[in-house]
1. Suppose all protein chains stay in the model; what accessible area per residue would a 1.4 Å probe give for segment 25-119, in Å²?
2. Whole-Hz Karplus ³J(HN,Hα) for segment 103-117, in order, using 6.51 cos²θ - 1.76 cosθ + 1.60 and θ = phi - 60°, x for Gly and Pro?
3. Once both labels are modelled 7 Å past Cα along the beta-carbon direction, what's the Thr182-Ser195 spacing in nm?
4. Using only Cα atoms, find the angle between the long axis of helix 29-50 and the longest principal axis of the chain, and express it within 0 to 90 degrees, rounded to the nearest 10.
5. Using heavy-atom solvent-accessible surface (probe 1.4 Å) with all chains present, what is the largest-first order of Lys47, Lys151?
6. Measure off, as a whole percent, the carbon and sulfur share of the 1.4 Å-probe accessible area of the chain, all protein chains present.
7. If you rank Arg196, Arg161 by how much accessible surface each has, with a 1.4 Å probe, what is the order from largest down?
8. Between Glu154 and Asn85, how many nm apart are label points set 7 Å from Cα along the C-beta direction?
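The values are calculated or read from the model by the stated rules, or taken from the named source; none is laboratory data. Keep in mind the model is a prediction, meaning the values are calculated, not measured. Every residue, glycine as well, gets a Cβ built from its backbone with ideal geometry; the counts of neighbours run over all protein chains shown. To get the accessible areas, we keep the full protein, side chains included, count just its heavy atoms, and leave off ligands, DNA and RNA. Shrake-Rupley method; radii C 1.70, N 1.55, O 1.52, S 1.80 Å.
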Amino acid sequence: MQSSFLAWMFRMPLIKRWSLMFCVKPENVAEHSHQVAIVAHLLAVIKNKKFNGQINADKISTIAMYHEASETRYGDIVNPTKYANKAIAREFKKIELLAEEECLASLPEELQELFSDIIVQDNVSVEYKAIVKAADIIVAYIKTLDEINHKNPEFNHVEQRLAIKINELKASMPEVKYFIDTFMTACLATVDKLSRN
């Protein structure tokens with residue numbers, strides 16, 4: 001019997017992010033997930049190398065790559081809608097869990113156990129989930145600053161909200177502070193500036 005798992009994952013490029021906002025550079029879930037996987041991997045490597053962590057960096061990048069798998073079923077729910085109030089947030093979490101379980105069930109049965117703690121976010125360890133969430137916020141923050149650099153005022157309020165979250169992460173996760181101090185400025189540089197370095 002054919003599995004539909006890969007077909008669902010390959011629909012990620014069709015799912016637009018920031019759907020309620022004008023974007024100078026449109027973004028889809030596949031691009032976002034790829035960037036989150038890279039940042040999560042870097043955070044894990046930094047944590048291990050600089051702050052005595054014991055994280056499997058390869059596994060964390062895989063979890064990050066699939067962290068939006070539920071959106072292949074029901075699309076991207078924008079932040080203001082998803083977190084409009086606690087009751088709505090709880091209901092959206094239930095929908096996300098259902099979608100993740102549907103994605104998992106679309107795999108051949110003999111592979112489902114291997115993917116259970118990768119795709120179903122409730123099965124991801126707290127420590128790994130925290131790093132993926134930090135990477136998710138960092139990637140959204142970089143996107144926001146990039147839009148603002150391109151003179152898009154739509155993202156001004158997002159920058160204010162995410163800057164608070166970034167500062168909280170820097171205070172509680174030294175690997176995030178190291179990441180911001182080491183990589184953030186270059187992420188916003190033009191190709192000419194990057195080439196000169």
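1. Values: 5160 Å² over 95 residues.
On a per-residue basis, segment 25-119 sits at 54 Å².
2. Ordered by residue, 3J(HN,Hα) equals 4, 4, 5, 6, 7, x, 4, 6, 9, 4, 4, 5, 9, 4, 9 Hz.
3. Label at Thr182, label at Ser195, 2.8 nm between them.
4. Approximately 70 degrees, to the nearest 10.
5. Values: Lys47 40, Lys151 170 Å².
My answer, sorted largest first, is Lys151, Lys47.
6. Values: 6560 of 11510 Å².
The value for the chain is 57 percent carbon and sulfur by accessible area.
7. Values: Arg196 180, Arg161 80 Å².
Ranked list, largest accessible area first: Arg196, Arg161.
8. The answer from the label model is 2.8 nm.
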